[in-house]
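See structure below.
The values are calculated or read from the model by the stated rules, or taken from the named source; none is laboratory data. Only a predicted model underlies this, so the values are computations on that prediction, with no experimental measurement involved. All Cβ positions, glycine included, derive from the backbone under ideal geometry; neighbour counts span all protein chains shown.
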Amino acid sequence: MINLSILKDRAAMLAKARQFFAQRNILEVDCSALSPHAAIDSNIDVIPAQVTPRETGFLHTSPEYAMKRLLSAGSGDIYYLGHVFRQGEIGRLHNPEFTMAEWYRIGLSFDQMIQETCDFISLFLGPLPIRHLSYRQAFEQYVGVDYAKDPLLDAASRYSASPDAAHWPRSALVHFLLTHAIEPHLGQNEITILRDYPPHEAALACVIEKNNELVAERFEAYHQGVELSNGYHELADESELRRRFTEENQIRMNEGKPAYHLDEAFLSALGPQFPDCCGVSVGVDRLLLLHHKAQALSQVLPFAWI
């Protein structure tokens with residue numbers, strides 16, 4: 001049954017979100033949901049669409065590639081507020097079609113971008129204290145290990161890891177412990193910013209040296225154990241991104257998933273004309289879930305998959 005009260009509140013909150021961006025002179029852009037290229041990520045699967053008998057397109061998992069082409073063309077600060085699609089993401093906190101706010105800021109520092117993301121989250125959740133926690137600190141506090149050096153299998157076993165975990169690569173054990181042992185504790189009555197990710201979790205973020213270790217300038221925001229955002233100091237090195245995409249495709253093939261062609265138009269946009277910027281995506285439906293103290297996305301979506 002459709003909850004008309006939540007439907008009206010959703011409209012009001014989307015209007016507030018647009019006002020948030022308008023006050024900062026951030027331009028709204030309308031990116032195509034259907035793309036000839038798939039985003040390449042070993043952890044995210046795209047939904048294919050048969051465009052013609054000979055051509056397959058893909059529903060975008062994020063407007064990121066298109067928005068970065070706009071940034072390269074001189075758009076200035078931009079945001080997208082609309083639907084994205086991900087295959088197989090169904091559950092209490094997942095729906096194959098969901099609403100994302102994604103924006104890019106030129107000239108904002110990484111820490112300023114984190115603060116602006118928290119300000120956006122506060123539109124929905126009200127003022128909350130903010131705690132910064134590095135990836136290393138999170139593993140030390142909640143798992144009691146150094147994720148880069150210590151054995152991880154025993155720790156994973158404590159959280160009912162699959163019997164074949166002994167054959168997992170170290171990166172898979174790290175990710176398992178993050179999702180099962182750490183994330184449920186994050187953001188309890190606060191916004192927790194998880195930052196300084198290991199290089200193998202950099203995705204499309206820059207990697208820097210900090211406190212004598214290499215870390216990715218990437219952050220995620222959490223409240224009540226729910227991941228709300230994913231942000232980067234954006235990497236603009238075409239050759240490095242090409243290397244990362246090739247590696248992600250190899251991981252996909254090792255897992256029995258299809259590999260995808262590289263989006264050359266996107267990669268070619270990452271030249272000298274691409275501005276130094278930070279970007280972030282925020283799950284709007286999850287914010288509404290927390291705003292209404294709901295238990296599942298199906299309670300705040302007008303038309304959920306399940």
**Study point:** Residue that is farthest from the chain's Cα centre (by Cα), among those in region 235-259 that are of a type in the set (A, V, I, L, M), at pLDDT 95 or above and farther than 28 Å from residue 76 by Cβ
**Key:** 253
Study note, to complete from the structure: Being surrounded by fewer than 19 Cβ atoms within 10 Å (Cβ to Cβ), farther than 17 Å from residue 235 by Cβ, small (Gly, Ala, Ser) and in contact (Cβ under 8 Å) with a residue 60 or more places away in the chain narrows 88, 74 down to just 74
Practice item. Those residues that are touching a helix residue (DSSP H, G or I) at 6+ places or on another chain (Cβ under 7 Å), without any contact (Cβ under 8 Å) to a residue 40 or more places away in the chain and surrounded by 13 or more Cβ atoms within 10 Å (Cβ to Cβ), I need them from region 160-201; list them, please. Key: 161, 165, 171, 173, 176, 177, 181, 200
Revision key, fill the gap. Log entry, pairs with first residue in region 96-109 being part of a strand (DSSP E or B), second being at pLDDT below 95, beta carbons closer than 7 Å, six or more apart or on different chains, reads none
Point to revise | Qualifying residue in region 234-257 (condition: among the polar types (S, T, N, Q), surrounded by 15 or more Cβ atoms within 10 Å (Cβ to Cβ) and within 30 Å of residue 126 (Cβ to Cβ)) | key: no
Study note, to complete from the structure: When restricted to 228, 267, 288, the only residue touching a strand residue (DSSP E or B) at 6+ places or on another chain (Cβ under 7 Å) and either closer than 26 Å to residue 178 by Cβ or free of Cβ contacts under 8 Å to residues at least 60 places away in the same chain (or both) is 228
Practice item. May I ask you to verify whether residue 251 is of a type outside the set (Ser, Thr, Tyr), under 23 Å from residue 217 (Cβ atoms), outside any strand (DSSP E or B) and in contact (Cβ under 8 Å) with a residue 40 or more places away in the chain? Key: yes
Revision key, fill the gap. Picked from region 96-119 (must be among the hydrophobic types (A, V, I, L, M, F, W, C) and within 20 Å of residue 301 (Cβ to Cβ)), the residue surrounded by the most Cβ atoms within 10 Å (Cβ to Cβ) is 101
Study note, to complete from the structure: Of the listed residues (262, 270), the one being closer than 30 Å to residue 73 by Cα and at pLDDT below 95 is 270
